[in-house]
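The values are calculated or read from the model by the stated rules, or taken from the named source; none is laboratory data. Remember, it's a predicted structure, so these values are computed and weren't measured experimentally. No Cβ is skipped: glycine too gets one built from the backbone with ideal geometry, and neighbour counts run over all protein chains shown. Just so you know, the surface numbers come from the protein's heavy atoms only, side chains and all, with ligands and any DNA or RNA stripped out. Shrake-Rupley method; radii C 1.70, N 1.55, O 1.52, S 1.80 Å.
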Amino acid sequence: MNIKTLIVAAVVAATGSIAAHSQNPGQPEWLGDAVVYQIYPSSFQDSDGNGIGDLPGITSRLEYIKSLGVTAIWMNPIFVSGFTDGGYDIIDFYKVDPRFGTNTDLVKLVEKAHSLGMKVVLDLVAGHSSDQCEWFLQSAEAENLHYSDYYIWPSFKPEEPASNGPMDYAQLMNSSASLIRKFVKTDAPRGPYYVKNFFDTQPALNYGFANPDPDHPWEQGVDDPGPQAMRRELKNIMSFWMDKGVDGFRVDMAASLVKNDFDKSATIKLWQTDLKKWFKENYPDNVLIAEWFNPSQSIEAGFDIDFFCHDGTYNYSTLFFNINRRSGGAATCYFDLAGEGELKTWYDLYKFQYDAVQGKGYVSMPTGNHDFTRLSAGARTSQDQLKVAMTFFLTMPGVPFIYYGDEIGLTHQSNVKPVEGAGARTGTRIPMLWDASKNAGFSTAEAEKLYIPQDPDPARRTVENQESDPSSLLNYVKNLLKIRKASKALGNDGEWRLVSSLDQPYPMVYERSRDGEKCLVVVNPSAKKVSVDIPAYGNQSPEILGGFYKKASYKSGKTSDRITVDGCSAVIYSIK
Ligand code: NOJ
């Protein structure tokens, strides 16, 4: 062992971790070993007994979040809102909604998180406001006023152009046909239509059009005064919160800003040459996370992280959705005991994104989020299955994102009544389950007053009963994060390569490596015991670093090595 290795070994022995700095040039160093925990604020912890979660509630749970091994939290929107889309319809971008507390409560939360060594990321809804926002009300007036050009007011509705083939998520949100479908009829003095971004209550903010059509007088160019003023406002919003200590943003529908921008070049340019440039110059240690769902574009635009998740072309539906996100119907997926899934669809899409951003930014596969079915759902609710899935999520490259409750296997509730525009998404936004007290410690309100009803199962998993059980999912997740932190190979910047064949999807085996350190991760979500041959690593009897398995064997051969694992298991090997 050379002296450097000795020092590293001593640090790991003492702290159980290696401080990893992001290897991507220009990115905040703390991203190198960041682990983000996503909180849906209405559902995490209620501190004032009204049945809805709030900021002081979140503050009171920061020690718990820290105990998981998490280094940053991201909260869904907490600003004054009409709540027709769970807070994504903002009325006042500069003020915390009274339901969650005050701006001062946010500052207290940030200060406490910082004192615990954690960062705080807010949601930046850049593409739209509420139709009750003062800016929109003023823009709807016939007169030319301060906010008049913050929105888009078509004077007539053009014919929808014929569809030109399949579109990806960004195009779906922003093609000219879908833009016309986003014209909302109104009797506002300003004109007969406005353009929305998502629901009718969410008028799109005006960042201009990629190629304004001279026959459409409402289409302003990106450099016109209205869109320029809009960008200044967005920077103001960001500064306002970051000057209070906030560490960055997850940007909602980040690809949607410039309209009729079919190849996204104008939206990429807007972020790259202006918004992100300004951000980097003024807040170099802060983070910008895209909700773009196409890292090859968003990382080029300057974002640090983008998601590979449930939506659009670049998604992981084939891995996890044995419940169809929208219809609730059954579908075959890879993470299912039936063992009938395939890997190729996901692999091709993921590999494309991984290669596209390697060394520049991160592709993150979150364990879940507020828009799609929870990991624990349908035919995948047992602790054993969830341990296998979590092994996958927490040994993949990129910054891990844990959706609140996934660490205890909070189970999707498909039969709850929709709230606040959530529709079918309500079942994933359920209140956290903490302990055996009233409403599982979430709130002291009467059960009927809770934001969304809780899982009624008497045997439901809670933080309390999971903390005291050494074999729980919660303790497994904590341990996985410790293993990740102690290994450069398994960390955010470690390289990733599938070593098993797509022709034999169970088990999947991938290699993680960095600076000469190597790990193999074997994942078998099927109920069957399986064996796989992988190219020989050369006389190995690898050490097992962790995982969930009863029996696992690794036999070295001349040309190939054979790994055999039980049904529903996952193993992490260290390769010397
Ligand atoms: C994406 C958010 O994740 C979703 O919850 C919201 O409804 C839309 N953007 C509109 O803001």
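Quick notes
- Across segment 178-225, Cα-Cα pairs farther apart than 18 Å form 32% of the total.
- Relative to the longest principal axis of the Cα atoms of the chain, helix 344-357 runs at roughly 70 degrees.
- Centroid-to-centroid separation of segment 492-564 and segment 20-49 [C-alpha atoms, Å]: 30 Å
- Looking at segment 203-353 alone, DSSP beta bridges between its own residues are antiparallel in about 10 percent of cases.
- Potential lengthening between Lys482 and Leu498 on full extension [0.36 nm per residue; Cα-Cα distance subtracted]: 3.4 nm
- Its Cα gyration tensor gives segment 449-506 an equivalent ellipsoid. The semi-axes, each the square root of 5 times an eigenvalue, are 33, 18, 13 Å from largest down.
- Pair Ser67, Ala527: separation of 7 Å Cα→Cβ label points (nm): 3.5 nm
- For Ala356 and Glu446, the FRET efficiency from 1/(1 + (r/R0)^6), where r spans their Cβ atoms and R0 equals 56 Å, is about 0.65.
- Restricting the trypsin sites (Lys or Arg not before Pro) of segment 188-273 to loop positions (DSSP other than H, G, I, E, B) with no more than 15 neighbouring Cβ atoms within 10 Å leaves Lys244.
- Counted charge near Gly339, where neighbours are those whose Cβ lies closer than 15 Å (Asp, Glu -1; Lys, Arg +1): -3
- Residue-count net charge about Val463 - beta-carbon cut-off 13 Å; Lys, Arg +1, Asp, Glu -1: -3
- Cα-based values for segment 174-258, radius of gyration first and Dmax second, are 14.7, 46 Å.
- Set Lys112/Lys488; Lys417/Lys438; Lys66/Lys488; Lys518/Lys555; Lys551/Lys576 screened for pairs whose C-alpha atoms are more than 23 Å apart: Lys112/Lys488
- One chain, two ends: Lys576 and Ser60. Fully extended at 0.36 nm per residue, the span grows by 181.4 nm beyond their Cα-Cα distance.
- The chain - mean residue ellipticity at 222 nm from DSSP helices (-39,500 (n - 2.57) per run, n ≥ 4, rounded to 500): -7000 deg cm²/dmol
- Residues of type aspartates and glutamates that Lys157 reaches as a straight line, Cα spacing below 17 Å, ignoring anything fewer than 8 places off in the same chain: Asp187, Asp200, Asp213, Asp215, Glu219
- In nm, spacing of pseudo-spin labels at His146 and Glu160 (7 Å Cα→C-beta vector): 3.9 nm
- Extension gain for the segment Lys558 to Lys277, taken as residue separation times 0.36 nm less the Cα-Cα distance, is 95.9 nm to one decimal.
- Quotient of the Cα radius of gyration of the chain and 2.2 N^0.38 Å, N being its number of residues: 0.98.
- Beta bridges per DSSP with both ends in the chain, % antiparallel, nearest 5: 60 percent
- Within the accessible area of the chain, the carbon and sulfur atoms contribute 52%, probe 1.4 Å, all protein chains present.
- When only Cα pairs below 8 angstrom with a gap of at least 6 residues are kept, the chain shows a relative contact order of 13 percent.
- Kirkwood estimate for segment 92-227, i.e. one over the average of 1/r between Cα atoms, Å: 17.1 Å
- Note on Asn475 and Asn415: their simple-model spin labels are 3.3 nm apart, each label 7 Å out from Cα toward Cβ.
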